[in-house]
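Q: Take a look at this one; I'll ask things after.
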Amino acid sequence: MTNTLSLAKALLPALAGIAAFCYYMAHLAEKGSSELARQRLRELLLERKLLPAMRGAFVYFLRASDRYFGPKLFSWKALLRSIALSIFWIAGVLAACIAVYPNYSSWLGGNISRKLILQSAGVLLAASLVADYVSVCVTRAIARAVMAKGRLWLMSAVAVDLVASVLVFYFLFTSAKLVVHPANGALGLLDSLRVWFNPAGLPIGIEFLRPLSADMLVARGDGNFDIKGGLLTEIVYAFPESVLFLSSLLTSVWLWLYVLGYLILFAAVRLDRIGVSARRFLKTTEDPINSLALAIVIASAVLFTIILAFTAVADGLAYLSQS
């Protein structure tokens, strides 16, 4: 059950961070909303059709994001707010990785690995911050573009945003990595994703201190060779790339959570048996914006519980296969 416990240690702080972030964004939306807008949200939450409810999620995502970043996609305010948000997510992901994976403490504490990480940190962090800002702009642009579209566009917007965020980060971060250490070369998109979705590992780059030549090879039969004098190598690059990648995905996470939370809230108030209790608990009619934030937190908790359950089952099957 090691994987399950490790994942739980990471997801619990993540849930707390999501709760704080959602209520802060709800606070921003509340300050920027008139009573007429709140009344419209109440009506949307009680709509019988799916499309108006989904569109309502985008409306209040735009309201909250415009309040935080400003109405313009590209502005100094939006850039500075994006940088602040990115640093918040990077710090949170790094803290979670340190808590879950003991290797992080040794990487950051070791003289050699820390020196290599710091050598690349400036350029790679700058590339990540730029990627996050572009990703935020793309997310807001997508939300604005699909507002007047049909149901299919609204349902696919989140997937399009996820793909766009991954591609933006890949191209900008890979370009920066080639600047930091050109000899390492660039991994393809799928290979990069395998590395980035494995935060337990530390990507490294190795250089040969002397080139391998034919006269160094000593045949020992069966197509195998020994290397005369051995290979002399040096680690020239090391950086926890997963931290920047995962934090970059979180820059647009509230769009996904808004839609998910909104749809769960939409479903909750539809169910006859729990409709009255759900409305009373979520305070849909009295405080629609904060009820949306609460629904997002509940949706996140349900999602995390499902992930933990699948991980626990996988751990159990792995244990049984070994016994």
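Q: Quickly run through region 172-185 and pick out the residues that are surrounded by fewer than 15 Cβ atoms within 10 Å (Cβ to Cβ) and at pLDDT below 85. Give the derivation first.
A: Of region 172-185, the ones surrounded by fewer than 15 Cβ atoms within 10 Å (Cβ to Cβ) are 175, 178-179, 182-183, 185.
Answer for region 172-185, where residues must be surrounded by fewer than 15 Cβ atoms within 10 Å (Cβ to Cβ) and at pLDDT below 85: Pro182, Ala183, Gly185.
Q: Separate question: Would you be able to tell me the number of residues in region 130-143 that are surrounded by 22 or more Cβ atoms within 10 Å (Cβ to Cβ) and at pLDDT 85 or above?
A: Of the residues in region 130-143, 5 are surrounded by 22 or more Cβ atoms within 10 Å (Cβ to Cβ) and at pLDDT 85 or above.
Q: Kindly indicate whether Asp191 is within 24 Å of Ala20 (Cβ to Cβ), at pLDDT 75 or above, among the charged types (D, E, K, R) and out of contact with any Asp or Glu (no Cβ under 9 Å at 6 or more places or on another chain).
A: Spelling it out, it is not the case that Asp191 is within 24 Å of Ala20 (Cβ to Cβ), at pLDDT 75 or above, among the charged types (D, E, K, R) and out of contact with any Asp or Glu (no Cβ under 9 Å at 6 or more places or on another chain).
Quick grid of which residues meet (1) part of a helix (DSSP H, G or I); (2) hydrophobic (A, V, I, L, M, F, W, C); (3) closer than 19 Å to Phe245 by Cβ:
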position	(1), (2), (3)
Phe88	yes, yes, yes
Leu116	yes, yes, yes
Gln119	yes, no, no
Val123	yes, yes, yes
Ala126	yes, yes, yes
Ser135	yes, no, yes
Arg144	yes, no, no
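Q: So which residues in region 16-27 are at pLDDT below 75 and surrounded by fewer than 21 Cβ atoms within 10 Å (Cβ to Cβ)? Steps first, please.
A: Start the filter on region 16-27 by keeping residues that are at pLDDT below 75, which leaves 22-27.
Scanning region 16-27 gives Tyr23, Tyr24, His27.
Q: Hey, another quick one. Please verify whether Ala78 is in a helix (DSSP H, G or I), at pLDDT 70 or above and touching a Pro at 6+ places or on another chain (Cβ under 8 Å), treating the condition exactly as stated.
A: Taking the combined requirement at face value, the residue does not satisfy it.
Q: State which residue is farthest from Tyr133 (Cα to Cα) when the search covers only region 58-90 and only residues that are charged (D, E, K, R) and touching a residue at least 24 places away in the same chain (Cβ under 8 Å).
A: Among residues in region 58-90 that are charged (D, E, K, R) and touching a residue at least 24 places away in the same chain (Cβ under 8 Å), the one farthest from Tyr133 (Cα to Cα) is Arg63.
Q: Residues of region 96-125 being small (Gly, Ala, Ser), surrounded by 13 or more Cβ atoms within 10 Å (Cβ to Cβ) and under 22 Å from the mean Cα position of the chain (by Cα), which ones?
A: As a first pass, look at region 96-125 and keep what is small (Gly, Ala, Ser): 96, 99, 105-106, 109-110, 113, 120-122.
Cutting the leftovers down to surrounded by 13 or more Cβ atoms within 10 Å (Cβ to Cβ) gives us 96, 99, 110, 113, 120-121.
Hits for region 96-125 are Ala96, Ala99, Ser120, Ala121.
The values are calculated or read from the model by the stated rules, or taken from the named source; none is laboratory data. Note that the structure is a prediction, hence the values are computed from the model and not measured. For neighbour counting, all protein chains shown are included, and Cβ atoms are generated from backbone atoms with ideal geometry for every residue, glycine included.
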